[in-house]
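See below for the structure under consideration.
Every number in this text was worked out from the coordinates using simple rules, so none of it is lab data. Note that the structure is a prediction, hence the values are computed from the model and not measured. Positions of Cβ are generated from backbone atoms using ideal geometry, with glycine treated the same way; all protein chains shown enter the neighbour counts.
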Amino acid sequence: MYRIFSGMLLNLFKRGSIIFAVLALLSQMPMTANAAEASLAEISSISSTFCEDMKNHKTLTSHGPVGCERLASVKFSYLGFDGRVHDDGEMIVLDAVAARVGRIFDRLLQLRFPLAKARPINRYDGDDDASMADNNTSSFNDRVVAGGTSLSMHAYGLAIDLNPVQNPFLEGIGATRRVSPDGGKTYLNRADIRPGMAEQVIDVFADNGFLIWGGDWHNPIDYQHFQLGREMAEQMARLSSSAAREVFEKRTEQYRQCRQSGKSRTACSSTPRT
């Protein structure tokens, strides 16, 4: 069997299809504990050099809810809008959710869902507007909620902004409505589903624990935004990495069981009674 499998991979490699082939094989495996953990993403802790870079480029402050010791780098391949696979995707997230984030981006690649780019936001000096204008998919940024004073879920590494141009942020109504980034103005008709729009992959994020989608909000509406709940984020930040992951996986499993019972995504995303 191993010889046959090796021969298959060699032939696929020769055709330049190795990444999609492995993802397809993984998706067909029985979902045992080991198979569920399988991911092509590379997960690692944050180096001291990278940590300093985050501080120097206004992405990490000294008074944030989590420090570098609780952050992880998730490196992955993604399909670009040019139809080619790129291997320079990177997301900085809370360590307890890193494995799930890796699975999210593995699945997006398998579905051939395109990303413009995915870079840590220190490349933009912590400037969220600059990152959005560049259509950058990102996560960690030690900042407050746009237009507010409370900490953003990005400051916990527990929120992901996906293709901001295809999934813009809307605030206000009528003539006073603000659209960010400007390039997102051509994507306001959400019934006209086009490549890169978040509606196609909401379930991918929810199935991996990112239960809240900003597109369900009313004002503001944040189509690019996926996150965990604030109460859970604060709890996970206080816990050790292993304890936080246990809490996160328990909630994700509750969501899975709820969906299997036939309830809707929004009904299952609400905080369960204990």
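General remarks:
- Working from Cα pairs under 8 Å separated by at least six residues, relative contact order for region 175-274 is 20 percent.
- Karplus-derived 3J(HN,Hα) values for region 121-127, using 6.51 cos²θ - 1.76 cosθ + 1.60 with θ = phi - 60°, are 6, 5, 5, 10, 6, x, 8 Hz; glycine and proline are entered as x.
- Computed from backbone phi with θ = phi - 60° and the Karplus coefficients 6.51, -1.76 and 1.60, the 3J(HN,Hα) list for region 76-82 is 8, 9, 8, 8, x, 5, 7 Hz; x is used for glycine and proline.
- Between residue 130 and residue 62, the distance separating the two model label sites (each 7 Å from Cα on the Cα→Cβ line) works out to 2.3 nm.
- Region 18-263, dipole about Cα centre (Lys/Arg Cβ +1, Asp/Glu Cβ -1), debye to the nearest 20: 460 debye
- Cβ crowding within 10 Å ranks 187, 223 as 187, 223, fewest other Cβ atoms first.
- Relative contact order for region 18-263, counting Cα pairs under 8 Å that sit 6 or more residues apart, in percent: 16 percent
- Estimated FRET transfer efficiency when R0 is 30 angstrom, pair residue 88-residue 200 (beta carbons, to 0.05): 0.85
- Across region 18-263 the C-alpha pair distances fall into 5 Å bins from zero in the proportions 1, 6, 13, 19, 20, 18, 13, 7, 2, 0, 0 percent.
- Ranked for footprinting exposure by Cβ neighbours inside 10 Å, fewest first, 101, 204, 145 give 145, 204, 101.
- Within-12-Å neighbourhood charge of residue 114 [Cβ basis; K, R +1; D, E -1]: +3
- Straight-line cross-link reach from residue 55 at under 15 Å between alpha-carbon atoms covers these aspartates and glutamates, not counting any fewer than eight positions away in the same chain: 69, 125, 127, 142.
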